Amino acid sequence: MRCSKPVPRASVEGLGRVRLLFLAVISAAGISSVLLSTGASEQKRISIYSGTANYTLNVSDRDGKEYVDLLEVLQPLGATSTRTDGSSCRLRFGNVDAEFAAGKNRARIRGGDFDLPGKFKLENGRGFVPLASLSTLLPQFLGSPVTFRESSRRLFIGNVAVHFTAQVHSANPPNLVMEFSSPVNPMIATEPGKLRMIFTHEPLVPPGSQTLTFDSRVIPSASYTEDNGTAEIAVSSNAPLFASFSDDGRTITIAPAPQKQAQLAPAPAQQPVNTPASPQPQITTPPPATLSAPVLYFAVVDASHGGEERGAALSDQLAEKDVTLSFARLVKQNLDSRGLSAQLLRDGDVSMTADQRATLTNTAHPAVYICLHASSEGNGVRLYTAMLPVGGESRGPFLDWDTAQSASRATSQVLASSLAAQFEKRQISVRSLMAPLRPLNNITSAAVAIEIAPPSGNAADLSSLQYQQLISESIASGVLAVRDKLGTVR
Ligand SMILES: [Zn+2]
């Protein structure tokens, strides 16, 4: 059931219906080395798209074949557990049991034999399967077909594809209007003669023809390509272009940057495109709403679960609700000590619904919302940003409850990338996902959920103060690093 809840107009007005200034400042050299080249040094990746989560995983070579960690593939799709016993690895996904043996091609799934196109590899308790097996292996677990675009390593589960149309309108100046069947949030890079949109999290599929030609001298063509877990649309032009988003990310309009408008644009958009190569592509985001609300808290930290609702049983003694609370308190401490005032949604063992969490957060108008979960499965952290439902719209005086996050998706991504960088810096393994997790979709500010697993498979480590401090420090530093992009308290 969809319910619309009134959110005061004032809280969303400043974000604007049409987001301009989405011009990314990425040097041409920077982005091609990070994302688009197929050089030997580039990390191979696979992107997986489903109704449950969109995520990207690392792919590695073994015996001349590409392999992927099977647990990493399955975990975001549903409850998964593994038990390794010598050279055998038992895996349970939902109610499907499977058994794999190290060095063997043959596995047992649902009580039957299943042949892998390469040997199963067991390394440090992690099971790896040939990438080429996924199109037949995953349906065994999921019970639904998958489409694997192997040459670009993009795997679609179920009917999730995002389609688009492109049309040049002959206004003066002409503009290219691209309509997407679901909201998109690509990284955008400009270089002379070209504007590139790179889609990592969206299950975008090609139009009928890879090259689109338009009856326009200013914007003569656009091309679609896929590579290494990403899709790209490159728009060619003989004039500098800029992109603007509307309709909650379903429409991207690309037009020549008018001289006057470029001069009036706020500082971030004025940065020269060829700034020194940065290690990661950066996205400049719209300036935050400027409302004269009293300064409350910069961040809201949400310890998930609580009270009757215990969350996962992490071990015999350890309930998720207690672990998330101790993490939340430390995260608050670390934020406070960096001058980023933080508020805990719950500071005791009380239960709250997702709606209550979202309502309290939105009423507080923080710049950042951080939700904490804990898990005994896997290791390191999983970093979630919202995946908005298809067809949701927020129009009119009230913000649609299910897509309240739509105006902040870009800042949420900026926050998530910054957090990921800080975790990596501290050698904490991190995976980034998009998922329709509640209450992320209902939060109006930049929002992430962080699921914390132990550093190396031992659930007891989740209550180690040293590990909790390392994680909390990473989170606070990650927020601090992009503080200016997240804006001030609204
Ligand atoms: Zn949880």
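Laboratory data are not the source of any read-out in this text; all were calculated from the coordinates shown. Just so it is clear, the structure is predicted and the values come from calculations on it, not from any experiment. Cβ placement follows ideal geometry from the backbone for every residue including glycine, while neighbour counts extend to all protein chains displayed.
Among Cys89, Cys371, a tally of other beta-carbon atoms within 10 Å of each Cβ gives an order, fewest to most, of Cys89, Cys371.
Here the Karplus curve 6.51 cos²θ - 1.76 cosθ + 1.60, taken at θ = phi - 60°, turns the phi angles of the stretch 465-471 into couplings of 4, 5, 5, 4, 5, 4, 5 Hz, with x standing for Gly and Pro. When Tyr49, Tyr224 are sorted by how many other C-beta atoms sit within 10 angstrom of their C-beta, beginning with the fewest, the order is Tyr224, Tyr49. Cα to Cα, under 18 Å, and not fewer than 8 places away if on the same chain: which lysines meet these conditions relative to Lys65? Within the straight-line limit of under 18 Å, Lys65 reaches these lysines: Lys44, Lys104, Lys119, Lys121. The 3J(HN,Hα) values that the Karplus relation (6.51, -1.76, 1.60; θ = phi - 60°) gives for the stretch 151-166 are, in residue order, 5, 10, 6, 10, 10, 10, 9, x, 9, 10, 4, 9, 9, 9, 10, 9 Hz. Gly and Pro appear as x. Going from the residue with the fewest nearby Cβ atoms within 10 Å to the one with the most, Glu451, Glu191 rank Glu191, Glu451. Run down the lysines and flag those whose C-alpha is under 19 Å from the C-alpha of Lys332, throwing out any fewer than 8 positions away in its chain. By straight Cα distance, Lys332 reaches Lys321.
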